[in-house]
Amino acid sequence: MKVVVSGATGFVGSRLVKQLHKDGNRVLVLTRNIAHAQKVFPSQAFPNVEIIAYTPTVSGSWQEAIATCDGVVNLTGEPIGEGRWTPQRKQEILNSRQLTTQKIVEAITKANPKPSVLVNASAIGYYGTSETATFDETSPSGNDFLAQVCQAWEAEATKVTESGVRLVILRFGIVLGLGGALGKMITPFKLFAGGPIGSGKQWFSWIHIDDLVKLIIQALTKSEMSGVYNATTPHPIRMSELSTTMGKVMHRPSWLPVPNFAIEAILGDGAIVVLEGQKVLPKRTLESGFNFQYPNLQPALETILH
């Protein structure tokens, strides 16, 4: 296949591009920073990766490259867990998802021939947060800021179906790998100061990065997949269990709780992601025949942390 990937130098994107390349596919990387992308994917090691500069929220000649491709994976979006959510930051979080998706869909609509599939990222923030409810792909959306962002993001992606292109929306849980959210949580444990964040009762719906990459590739290649799928393991856990398991795997104590105010001081409004959480099950994902390599937390953490 020839696959376009936006957000290709990020935590998930770089793993995806490497796997697609390893599997013998050609990959077109859309990037805002050519020099950085060339460092991540040096041409000697990645002869089948082509790097194209783009401004994600602006139409341009980059859109023409999509016509030559079989599939598009859109992973672009400003990180939500970094810095305070000022009004300006909230606008950036929304625009980086809604407007970028709009421009990707515009490019697919104009393309001749068209790619056969768009795999678009979304997030389990779509469902809002709850300590008691259980959500699957049929559950209604929440009404907090992140739920509204996900609704706007998915609404733009859905427009691609008007031009007959298959659409798969993957609602990502918290992705576990070296880097991302887990990267921030490892440090206190290394310093013997690890413990549950907030009440410890909040749900933590997660997925191992290798499973997520495998699911994205399945969504690209399995023509019967369309619509929304939760990219979360079948075994969500509570934050207290995450902390205990991390302590066990890292041979460190895990009893020093991190109080809400400490997280809020770092993340501002973004703290809601780790302080509240939601229990999300991958009902349609399992029905699609997807087989999780890491359904359970301890083996997942052992492969990442050892």
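Rounded to the nearest 10 degrees, the angle from helix 87-110 to the longest Cα principal axis of the chain is 30 degrees. Taking other residues whose beta carbon is less than 12 angstrom from the beta carbon of F292, and scoring Lys, Arg as +1 and Asp, Glu as -1, yields -1. Among the listed pairs K90/K159; K22/K114; K214/K283; K18/K214, which have their C-alpha atoms separated by more than 22 angstrom in this model? Over 22 Å Cα-Cα: K90/K159; K22/K114. For the chain, the solvent-accessible area of protein heavy atoms averages 43 Å² per residue (probe radius 1.4 Å; ligands and nucleic acids excluded). Backbone amide hydrogens, once placed in the peptide plane, bring I51 within less than 5 Å of V29, excluding anything fewer than 5 places away on its chain.
For the residue pair H251 and A133, what label-to-label distance in nm results when each label sits 7 Å from Cα along the Cα-to-beta-carbon direction? Inter-label distance under the simple model: 4.4 nm. What a 1.4 Å probe finds exposed on the stretch 46-174 is 51% carbon and sulfur by accessible area, rounded to a whole percent. Of the options [x] 34, 59, 8; [y] 29, 58, 12, 0; [z] 29, 51, 19, 1, only one is P(r) over Cα pairs in 20 Å bins from 0, in percent as computed from these coordinates, and that is [x]. Computed from point charges on the beta carbon alone (+1 for Lys and Arg, -1 for Asp and Glu), the dipole magnitude for the stretch 192-266 about its Cα centre is near 180 Debye.
Of H251, H208, the order by accessible heavy-atom surface (1.4 Å probe, DNA, RNA and ligands excluded), from most exposed downward, is H251, H208. Loop-located trypsin sites (Lys or Arg not before Pro) in the stretch 183-267 (DSSP state not H, G, I, E or B) with no more than 13 neighbouring Cβ atoms inside 10 Å: K201. For the stretch 37-91, the list of trypsin sites (Lys or Arg not before Pro) that fall in a loop by DSSP and count at most 11 other C-beta atoms within 10 angstrom is empty. The stretch between N143 and K201, if pulled fully straight at 0.36 nm per residue, gains 18.7 nm over its current Cα-Cα span.
Counting only protein chain heavy atoms and rolling a 1.4 Å probe, the accessible areas of E154, E64 rank, largest first, as E64, E154.
For the Cα trace of the stretch 121-231, dividing Rg by the Kirkwood Rh returns an Rg/Rh value of 1.03. Based on C-alpha pairs under 8 angstrom that are at least 6 apart in sequence, the chain has a relative contact order of 18 percent. Straight-distance candidates among the lysines for linking to K184, with alpha-carbon spacing under 21 Å and chain neighbours fewer than 8 residues away dropped: K201, K248. Relative to the longest principal axis of the Cα atoms of the chain, the long axis of helix 11-22 makes an angle of roughly 50 degrees. Shape of the stretch 232-306 from the C-alpha gyration tensor: oblate (a/c of 1.5 or more and a/b not above b/c, with a ≥ b ≥ c the square roots of its eigenvalues). Using a 7 Å offset from Cα along Cα-Cβ at D269, what residues in the stretch 147-168 end up with backbone N under 11 Å from the label point? Within reach of a label on D269: 147-149.
With all projection directions averaged, the alpha carbon convex hull of the stretch 177-235 covers 5.5 nm².
The values are calculated or read from the model by the stated rules, or taken from the named source; none is laboratory data. Computed from a predicted model, the values in this text were never measured in an experiment. Here Cβ is always computed from backbone atoms with ideal geometry, including for glycine, and neighbour counts include all displayed protein chains. To get the accessible areas, we keep the full protein, side chains included, count just its heavy atoms, and leave off ligands, DNA and RNA. Shrake-Rupley method; radii C 1.70, N 1.55, O 1.52, S 1.80 Å.
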